[in-house]
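J.: Handing you a structure now.
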Amino acid sequence: MSTRKTHYRLAAAQIQCALADVACNFETHHRVIEEARHREVDVLVFPELSLTGYDLGTRVPEVAMDRDDPRLLQLADAAGDMLTVVGFVERCGRGEYANAMACLCEGRIVAVHRKVNLCTYGGHEEGKHFGKGQALTVADADGLTCGVMICADLWNPGLAHAAMLERPDVMLAPVNAATGMVDGDFDDEGNWLICLKFYAMMYATPMVMAHRYGAEGDAWFWGGSCIVGVDGKVLARAEDGETLVSAEIDTDEIAAARFAMPTHRDADTPLIASLMAQRLERERRG
């Protein structure tokens, strides 16, 4: 008689990335994957664009990969049965690229998420170089379903709601959020934690945020990688520097929290869709 697995170890890789140096970043990924497997991690998340660095500008084409690139497959082999999510620039067509996360397991690319809500405000210029994703993504990790949303995807509440209604057991959030990239007094670190806690509590869905630590040109990535539980409490949070932070979750606790707070069950998608359709019609009419 098989035993139902309920406990999973989640981990976030807080690393520094060498800008446009895929070979260097590839070695870092191998090292961290080996450490995570030694710790018996079930799901490992790297930061956004972890294989390339962030501020690529016109270098996007030179670091781009097909989704079946041999280097990604090598990392998938190294991952074994641990679902591993890595950031890369995906070549989508001739001259077209996406900010993407590859979900790797047992030698295969099991899913790819393309960033939907591109940042083209403040110091961000993603919309100049990347095409927008058009789909939600869920990957399986030995019976644990994992949603993937890249950084600003989570700052579009409608998109986050749609992703949560896919009912992932956990949401994986790879991030690149440098201090001062958004105008005004926006506190990236503090507001990110509020964002993660809100979604975790509202949808009874643990959140895994993997962020960089260190400088890239004039930008400073502040780390703060963390895992937030179903009650919105931080289960684990990284100290400053490059590190691997992990925590264990229990799917029975997720079930109990969703029974107590039935956000998914009571979402009333037909009503929301109707209200949105009315809104679209008003906009069409001007």
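The values are calculated or read from the model by the stated rules, or taken from the named source; none is laboratory data. Keep in mind it's a predicted model, so treat the numbers as computed, not measured. We place every Cβ from the backbone using ideal geometry, glycine too, and count neighbours over all the protein chains shown. For accessibility, only protein heavy atoms count, side chains too; no ligands or nucleic acids. Shrake-Rupley method; radii C 1.70, N 1.55, O 1.52, S 1.80 Å.
J.: Can you sort Thr263, Thr179, Thr243, Thr3 by solvent-accessible area, 1.4 Å probe, largest first?
T.: Largest accessible area first, the residues go Thr3, Thr179, Thr243, Thr263.
J.: Got a number for carbon plus sulfur as a percent of the range 1-109's accessible area, 1.4 Å probe?
T.: 44
J.: Oh, and also: Would you mind checking which residues have amide H under 5 Å from Cys119's amide H? H placed 1.01 Å from N; only 5 or more apart, or other chain.
T.: Counting only residues 5 or more places away or on other chains, the set is Glu126, Gly127.
J.: Moving to a separate point now. In the full protein assembly as shown, how much of Ile272 is accessible to a 1.4 Å probe, in Å² to the nearest 10?
T.: Solvent-accessible area, nearest 10 Å²: 70 Å².
J.: Once every DSSP H run of n ≥ 4 in the chain is given -39500 (n - 2.57) and the sum is divided by its residues, what mean residue ellipticity at 222 nm do you get, rounded to the nearest 500 deg cm²/dmol?
T.: -9000 deg cm²/dmol
J.: With every protein chain in place, what's the accessible area of Phe198 (1.4 Å probe, Å², nearest 10)?
T.: Surface open to solvent at Phe198 totals about 90 Å².
J.: Right, another one. Quick one: how many lysine pairs does the chain have with C-alpha atoms less than 25 Å apart and a gap of 8 or more or different chains? Give me the count, please.
T.: So the count works out to 5.
J.: Computed from these coordinates, which is mean projected area of the Cα convex hull in nm²: (1) 13.6; (2) 16.5; (3) 17.6?
T.: Identified label for the calculated read-out: (2).
J.: A follow-up question, please. Would you mind telling me the share, in percent, of accessible area of the range 129-285 contributed by carbon and sulfur at probe 1.4 angstrom?
T.: Accessible surface attributable to carbon and sulfur in the range 129-285 totals 54 percent.
J.: Ignoring ligands, DNA and RNA, what accessible area per residue does the chain give at 1.4 Å, in Å²?
T.: Per residue, the chain has 47 Å² of solvent-accessible surface.
J.: Would you mind getting me the FRET efficiency between Arg279 and Val110? Use the beta-carbon distance for r and R0 = 30 Å, nearest 0.05.
T.: Computed FRET efficiency for Arg279 and Val110: 0.25.
J.: Arrange the residues Lys197, Lys132 by how much accessible surface each exposes, largest first, with a 1.4 angstrom probe.
T.: From most exposed to least exposed: Lys132, Lys197.
J.: Related question: With +1 on the Cβ of every Lys and Arg and -1 on the Cβ of every Asp and Glu, and nothing else charged, how large is the dipole of the chain about its Cα centre, in debye rounded to the nearest 20?
T.: The dipole of the chain has a size of about 900 debye.
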